[in-house]
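Since the structure comes first, as structure tokens, the remarks are kept for the end.
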Amino acid sequence: MKPIELLSYFHKNLFIPELRASTKDGALKEIAKCLESSQKVYRASIIYDLLKKREGLGSTAIGGGVAIPHCRSIAVEKLTVLFALKNKGIDFESADKKPVKLLFVVIAPPHDMRYLVFLGKLVEFLTDKKIKKMILQVKSFEEFKSLISGVK
């Protein structure tokens, strides 16, 4: 899966240019509400509970200011991805102790076979420090889309 293929999973109404929340719990609630209001998930409370439980198993922060909260749920019809930024960062209990500034939330129905492949490719893509630095400068979904489209 190439970066341009990853882009097909991102949508303008699931882009938060600046999270209002300043805590991990607050961010998960805000994200779940955004997913519900965009009609991508059946109920925000279900997604919030699942994401919180997943975080309880261990932080989804992968280091370098990135977290990828994820879960499977029947509350979603297809693989859904939300991208949010937090310029000041949020303590996500990352192993490297760095605050998370980029959040990529991935939710998939239980039967979706692309879920793990997508997660793996997203992690691979986000380990490139140059790409992360460019993503941190993004102010709009159009900028994000243009950036991803230009990555080879």
*Candidates ALA61, ALA67, ALA108, filtered to the one that is without any contact (Cβ under 8 Å) to a residue 40 or more places away in the chain, in contact with a helix residue (DSSP H, G or I) (Cβ under 6 Å, 6 or more places away or on another chain), surrounded by 15 or more Cβ atoms within 10 Å (Cβ to Cβ) and of a type in the set (A, V, I, L, M)*: ALA108
*Could you list, in sequence order, all residues of the range 31-46 that are in contact (Cβ under 8 Å) with a residue 24 or more places away in the chain and within 13 Å of LEU103 (Cα to Cα)?*
ILE31
*Take the residues of the range 111-133 that are in a loop (DSSP other than H, G, I, E, B) and not hydrophobic (A, V, I, L, M, F, W, C): which is surrounded by the fewest Cβ atoms within 10 Å (Cβ to Cβ)?*
HIS111
_Please determine whether any residue of the range 7-28 is within 23 Å of LEU147 (Cα to Cα), part of a strand (DSSP E or B) and in contact (Cβ under 8 Å) with a residue 40 or more places away in the chain._
yes
*Any idea which of GLU36, GLU77 is within 26 Å of MET113 (Cβ to Cβ) and in contact with a Pro (Cβ under 9 Å, 6 or more places away or on another chain)?*
GLU77
_If I ask for residues that are farther than 15 Å from GLU93 by Cβ and among the aliphatic types (A, V, I, L, M), which ones from the range 50-81 would you list?_
LEU50, ILE74, ALA75, VAL76, LEU79, VAL81
*Based on what the data block shows, is PHE92 part of a helix (DSSP H, G or I), touching a strand residue (DSSP E or B) at 6+ places or on another chain (Cβ under 9 Å), buried (at least 20 other Cβ atoms within 10 Å of the Cβ) and not small (Gly, Ala, Ser)?*
no
*Within the range 22-44, is there a residue that is buried (at least 20 other Cβ atoms within 10 Å of the Cβ), over 13 Å from the mean Cα position of the chain (by Cα) and farther than 22 Å from THR127 by Cα?*
yes
_Qualifying positions in the range 71-89 - within 15 Å of GLU30 (Cα to Cα) and either part of a loop (DSSP other than H, G, I, E, B) or among the aromatic types (Phe, Trp, Tyr) (or both)_ = PHE83
*Flag if MET113 is free of Cβ contacts under 8 Å to residues at least 12 places away in the same chain and out of contact with any Lys or Arg (no Cβ under 6 Å at 6 or more places or on another chain)*: yes
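Mind telling me which of the residues LYS152, LYS97, LYS139, LYS133 ends up being more than 26 Å from SER22 (Cβ to Cβ) and at pLDDT below 95?
Working: LYS97 fails: more than 26 Å from SER22 (Cβ to Cβ); LYS139 fails: more than 26 Å from SER22 (Cβ to Cβ); LYS133 fails: more than 26 Å from SER22 (Cβ to Cβ).
Being more than 26 Å from SER22 (Cβ to Cβ) and at pLDDT below 95 holds for just one of LYS152, LYS97, LYS139, LYS133, which is LYS152.
The values are calculated or read from the model by the stated rules, or taken from the named source; none is laboratory data. The structure displayed is predicted, hence computed values, not measured ones. As a convention, Cβ positions derive from the backbone with ideal geometry for all residues, glycine included, and neighbour counts pool all protein chains shown.
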